[in-house]
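Novice: The following block contains the structure, expressed as structure tokens.
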Amino acid sequence: MPMLFLPADTSKMMQSKKKRLDFLTKNYMEGSQQKLEQSSARQQWETEAQRAEDQEEQTFLQGAQQELKKDMASLQKKILADMKQQEMAGVRESLQSMLF
């Protein structure tokens, strides 16, 4: 036997469906908002992590550059000292050959 709805039953059914739809919509919106906030927080964290990594790399490169400058200055001093020593040896040989 088919079930007939009376107008009062139809009204209750529509109210129930509306409440269910409102509940599902609210939950969906809240879930979407949370996902958006989490995504935004993750993006911010990734940006900060990248910034920190870039800063660390730049600091490392600056340190390496400073060390390289020190090494080059030290090598230049050594080369100059070697050149002076060779020059002095050449002068000694010249003087010895002239004197003896």
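Novice: Using unit Cβ charges (K, R positive; D, E negative) and no other charged atoms, how large, in debye to the nearest 20, is the dipole of region 22-100 about its Cα centre?
Specialist: Value, rounded to 20: 500 debye.
Novice: Given the options Gln43, Gln55, Gln76, state which has the largest fluctuation in a GNM of the chain using a 10 Å cut-off (strictly under) for Cα springs.
Specialist: Looking only at Gln43, Gln55, Gln76, the biggest GNM fluctuation is shown by Gln76.
Novice: Accessible area of region 39-100 with a 1.4 Å probe: how many percent of it is carbon plus sulfur?
Specialist: Heavy-atom surface of region 39-100 belonging to carbon and sulfur, 1.4 Å probe: 56 percent.
Novice: Can I ask one more? Could you check which residue among Leu61, Leu36, Leu24 shows the biggest mean-square fluctuation in a GNM of the chain with a 10 Å Cα cutoff?
Specialist: Among Leu61, Leu36, Leu24, the largest GNM mean-square fluctuation belongs to Leu24.
Novice: Per the Cauchy relation, a quarter of the hull surface: what is the mean projected area of the convex hull of the alpha carbons in the chain, in nm²?
Specialist: 12.4 nm²
Novice: Which angle from 0 to 90°, rounded to the nearest 10, does the C-alpha axis of helix 7-99 make with the longest principal axis of the chain?
Specialist: Its long axis makes an angle of about 0 degrees.
Novice: Which of Met72, Gln96, Gln85 sits closest to the plus end of the dipole of the chain, meaning its Cα is farthest towards the positive end, when Lys and Arg get +1 and Asp and Glu get -1 on the C-beta?
Specialist: Met72
Novice: Under a 10 Å cutoff between Cα atoms, tell me which one of Ser32, Ser16, Ser74 has the largest fluctuation in the Gaussian network model of the chain.
Specialist: Result: Ser16 has the largest fluctuation of those listed.
Novice: Could you report region 43-100's accessible area per residue, 1.4 Å probe, as an integer in Å²?
Specialist: 100 Å²
The values are calculated or read from the model by the stated rules, or taken from the named source; none is laboratory data. Here the structure is a predicted model, which means the values were calculated and not measured. Here the Cβ is made from the backbone with ideal geometry for all residues, glycine too, and neighbour counts use every protein chain on show. We work out accessible area using only protein heavy atoms, side chains counted, and drop any ligands, DNA or RNA first. Shrake-Rupley method; radii C 1.70, N 1.55, O 1.52, S 1.80 Å.
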